[in-house]
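Shown next, in structure tokens, is the structure this report addresses.
Since every read-out is calculated from the coordinates, none of them should be taken as a lab result. Since the structure is predicted, the reported quantities are computational estimates derived from the model, not experimental observations. Heads up, the Cβs are rebuilt from the backbone with ideal geometry, glycines too, and the neighbour counts pull from every protein chain shown.
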Amino acid sequence: MEKIEKRRVVLGITGSVAAYKSIDLARLLVARGYEVRVVLSDSAQKFITSALIEATVGRGVVTDFWSPAEDSEGIEHIDVADWADVIVISPATADVIAKINLGMADTPLLAICLASRAPILIAPAMNVNMLEHPATQKHIKELEEKGVSFVDPAEGVLACGWTGAGRLADSKEIFYHIRRKLSVPDLKDKHILITTGPTRESIDPVRFISNRSSGKMGVELAREAFCRGAKVTLVHGPCTVDVPYPIECVPVITAEDMHQKLMERVFEGDNKPDCVIMAAAVADFKPKQESSQKLKKIDGTVPKSIDLLENVDILASLGAKRGKSLSPILVGFAVETGDLDELLAELRRKLETKKTDIMVGNFASEAFELDTNRVWIVDRNGKTGEVTTTFKSRIANKVLDSIIKL
Ligand code: CTP
């Protein structure tokens, strides 16, 4: 059964130049079906207006104790505190961080934080020196000890002119941290290593062999596993990987690089994964020899052929090396072009030959470079399930569900 995420977000916005960015966050939340109630501090109102927020979230904005934003029979700040599934403060100033830690309640936002049993997520934005000041660091540390979570600010040029840490984290990054707070943490304490994207095999300094993989499936798997509480490592070929920190991203280029990184990380050290999902489209072959010089036409004729060598089968070597231990859980993906019977036969064959626990199959025409896909999931107990065409984020959750079931 699909896990239902809670969906009520109280968004507190405090007085920082980054306040305008909270409109993006509110819009993102509303677009994904979350209910959002916004609380604006006095100084935030110098940067953005209640009217703008009301138009974005479709609800009244809480601004002071004495004129309620919406009709309510109770006391508004207590109603909002009880209503919240999560309280997000973005951007959060040094001032509000300090006051929450001290338990102050002289503004609606502070009173809501004090009265609510919902988890609190804080996305700070401030001058680098204010952020690094021992007083701010002490408040952050003490709040973390009390169970409050933070989305670390990014580094860069700050509105005040200084350069350093203090920029409000990206809205999408904050969004995934909110989802992690609201989701059922059924992958908590599990480490999942995911590979994604194509690999590139060089022909010469300007050309390579690769494939059409965009890496989107693996990125969605990484995001969704993160939201469900997992610790995630993403080993990726050359592709865009827009995933929230603290997902660890490990870039690689060739299949051999990927093989080496996986062997180290899967079988050595004290950070071994519980599960490896090979969503990468590993190039099956590579040029026997990489030319150190650009290949040129000779007398107007292109080279007739390029000798190829088979690449290492990374998934099969993981399957062989883990042996009977069945640890970590191994999940493979297979893109095929035949009919459904052929696809299912290939999945079962690859389950056996690569010694995996789950194979996920799809058709090239429905998968490459798209945001949607349709897949079949076959597991080592002989179970087969179809996930009809849907967003890759939903497919990712179905794959994670089948890993948990196993
Ligand atoms: N895979 C791998 N190393 C390779 C090739 C594939 O680890 N050199 C993994 C892929 O990441 C995927 C699974 O194996 O999870 C199946 O990939 P696929 O290309 O379908 O398998 P192949 O054995 O290469 O079969 P085919 O001949 O159909 O391409």
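Could you give me D for the stretch 65-154, from Stokes-Einstein at 4 °C and 1.567 mPa s, where the hydrodynamic radius is the Kirkwood radius over C-alpha pairs? Units µm² s⁻¹, please. Using the Kirkwood radius from Cα pairs, D works out to 94 µm²/s. Classify the stretch 338-406: rounded, prolate or oblate, from the alpha-carbon gyration tensor (a ≥ b ≥ c, eigenvalue square roots; a/c under 1.5 rounded; otherwise prolate if a/b is larger than b/c)? Oblate is the answer for the stretch 338-406, as a/c is 1.5 or above yet b/c matches or exceeds a/b.
Residue-wise HN-Hα couplings along the stretch 83-92, as the Karplus relation 6.51 cos²θ - 1.76 cosθ + 1.60 with θ = phi - 60° gives them from phi, are 6, 5, 8, 8, 10, 10, 10, 8, x, 10 Hz; Gly and Pro carry x. With θ taken as phi - 60° and the Karplus curve 6.51 cos²θ - 1.76 cosθ + 1.60 applied, the whole-hertz 3J(HN,Hα) list for the stretch 119-125 is x, 10, 10, 10, 10, x, 8 Hz, x standing for glycine and proline.
Using the empirical formula 2.2 N^0.38 Å as the baseline, the Cα radius of gyration of the stretch 201-292 reaches a ratio of 1.18. Across every pair of non-identical alpha carbons in the stretch 8-182, the mean reciprocal distance, once inverted, gives a Kirkwood radius of 15.9 Å. When DSSP beta bridges are restricted to pairs lying wholly in the stretch 240-333, around 50% turn out antiparallel.
Summing charges over neighbours of Ala31, with a neighbour being any other residue whose Cβ is under 14 Å away from its Cβ, gives +3 when K and R count +1 and D and E count -1.
DSSP bridge analysis restricted to the chain gives an antiparallel fraction near 35%, rounded to the nearest 5. Shown here is the pair-distance distribution of the chain: with all Cα-Cα distances grouped in 10 Å bins from zero up to the longest one, the shares run 4, 20, 25, 20, 16, 10, 3, 1, 0 percent.
Near the amide H of Leu158, within less than 5 Å, lie the amide hydrogens of Thr163, Gly164, all on another chain or at least 5 residues away, with H placed in the peptide plane. Between Gln289 and Cys160, the C-beta separation translates, for a Förster distance of 45 Å, into a calculated FRET efficiency of about 0.25. Can you tell me the relative contact order of the stretch 217-271? Whole percent, Cα pairs under 8 Å, sequence separation 6 or more. Once normalised by length, the contact order is 28 percent. Once each of the GluC sites (Glu not before Pro) sitting in a DSSP loop with at most 10 other beta-carbon atoms within 10 Å is removed, the chain keeps 74-267 as its longest stretch.
Couplings 3J(HN,Hα) for the stretch 393-399, derived from phi with the Karplus relation 6.51 cos²θ - 1.76 cosθ + 1.60 (θ = phi - 60°), are 5, 6, 4, 4, 5, 5, 5 Hz, where x marks Gly and Pro. Each residue, Glu54 and Ser202, gets one label point 7 Å from its Cα in the Cβ direction; the gap between the two is 6.2 nm. Checking every one of the trypsin sites (Lys or Arg not before Pro) in the stretch 341-390 against DSSP loop status and a limit of 13 other Cβ atoms within 10 Å picks out Lys383. DSSP assigns beta bridges within the stretch 8-182; of those with both partners inside it, close to 20 percent run antiparallel.
A simple spin-label model places the labels of Thr353 and Leu370 2.6 nm from each other, with each point 7 Å out along Cα-to-Cβ. Within the shell of other residues whose beta carbon sits under 13 angstrom from the beta carbon of Val61, the net charge comes to -3, with Lys and Arg scored +1 and Asp and Glu -1. Among the trypsin sites (Lys or Arg not before Pro) in the stretch 163-251, those located in a DSSP loop and surrounded by at most 13 other Cβ atoms within 10 Å of their own Cβ are Lys188, Arg212.
Calculate, in nm to one decimal, what Phe267 and Ser210 gain on full extension: separation in residues at 0.36 nm each, minus their alpha carbon distance. It would help to have the intermediate numbers written out before the result.
Numbers: separation 57, 0.36 × 57 = 20.52 nm, distance 2.75 nm.
Between Phe267 and Ser210, full extension yields an extra 17.8 nm.
For the stretch 60-149, the set of chymotrypsin sites (Phe, Trp or Tyr not before Pro) satisfying both a DSSP loop assignment and a count of at most 12 other C-beta atoms within 10 Å is given as Trp66.
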